[in-house]
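The values are calculated or read from the model by the stated rules, or taken from the named source; none is laboratory data. Every value quoted in this text rests on a predicted model; they were computed, and no experiment measured them. Ideal geometry is used to build each Cβ from the backbone, glycine not excepted, and the neighbour counts take in all protein chains shown.
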Amino acid sequence: MALLGGETAEMPGVYREGEFDVAGTIVGVLERDAILPRRTIQSRDVLIGLTSSGPHTNGYSLIRKIFENTPFDASLMDALLASHRSYFNALYPHLSKVKALAHITGGGFIENIPRVLPETLDAVIHLNSWEAPELWKLIQQKGNISTEEMYRVFNMGIGMVAVMDKSNAADFQKSISEPTFIIGELIEGEHKVILS
């Protein structure tokens, strides 16, 4: 049996000629009725964001370009090199309430959230529903990057988005021992993300 997975990443400035990357793949098994996204996704479902631990594994080519002539202090270095967190422990006990999960990696909000949506729905993201960490404000200011591009490239402090029925949101948020935010909702539309 061939176990295929992973991705091909373009990382200019990281690999020198003759160098390569070795990546691992994790394979899991689940029951068919537990597969996400569920077919019950509908308009008025809410989007709940779980915090990221930093840039995670995307946007580093742009980050390197922005900071190439900047002296790094320890706090900036720590923020940029924070380990990519796992959401397993936070989410696994509550998956019965979840209709879909969108991991905000390369492509940010704009490309990742539509991957779990039916073609007839849009995701409306309320940008004032959480405070983006200072790192993202610094990157945007130093790089002179538009707001839409920031949300297309970076996670802006939200590393995972859970889609669920509004009636389950309060219980879900209460049962997770970390900050979560209702960052938006689904509406009838054309399979895109609307930043509002």
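Please verify whether the range 54-61 includes one or more residues that are touching a strand residue (DSSP E or B) at 6+ places or on another chain (Cβ under 9 Å), surrounded by 14 or more Cβ atoms within 10 Å (Cβ to Cβ), more than 30 Å from Gly13 (Cβ to Cβ) and in contact (Cβ under 8 Å) with a residue 60 or more places away in the chain.
No.
Consider Thr147 carefully, then state whether it is in contact with a His (Cβ under 7 Å, 6 or more places away or on another chain), in contact (Cβ under 8 Å) with a residue 40 or more places away in the chain and of a type in the set (Val, Ile, Thr).
Judged against the criteria, Thr147 is not a match.
For the range 136-157, how many residues meet the condition of being of a type in the set (S, T, N, Q) and over 12 Å from Ile66 (Cα atoms)?
3
Kindly indicate whether Arg85 is more than 19 Å from Val46 (Cα to Cα), among the charged types (D, E, K, R), out of contact with any helix residue (DSSP H, G or I) (no Cβ under 8 Å at 6 or more places or on another chain) and part of a helix (DSSP H, G or I).
So Arg85 fails the test.
Can you pull out the residues in the range 30-44 that are more than 18 Å from His103 (Cβ to Cβ) and either at pLDDT 90 or above or part of a loop (DSSP other than H, G, I, E, B) (or both)?
Those that are more than 18 Å from His103 (Cβ to Cβ) and either at pLDDT 90 or above or part of a loop (DSSP other than H, G, I, E, B) (or both): Glu31, Arg39, Thr40, Gln42, Ser43, Arg44.
Sort out which residues of the range 69-99 are surrounded by 14 or more Cβ atoms within 10 Å (Cβ to Cβ) and of a type in the set (Phe, Trp, Tyr), and write them in order of number.
Matches in the range 69-99: Tyr87 only.
When the residues of the range 162-172 are filtered to those that are surrounded by fewer than 17 Cβ atoms within 10 Å (Cβ to Cβ) and in contact (Cβ under 8 Å) with a residue 24 or more places away in the chain, which remaining residue is farthest from Val124 (Cα to Cα)?
In this case the residue turns out to be Asp171.
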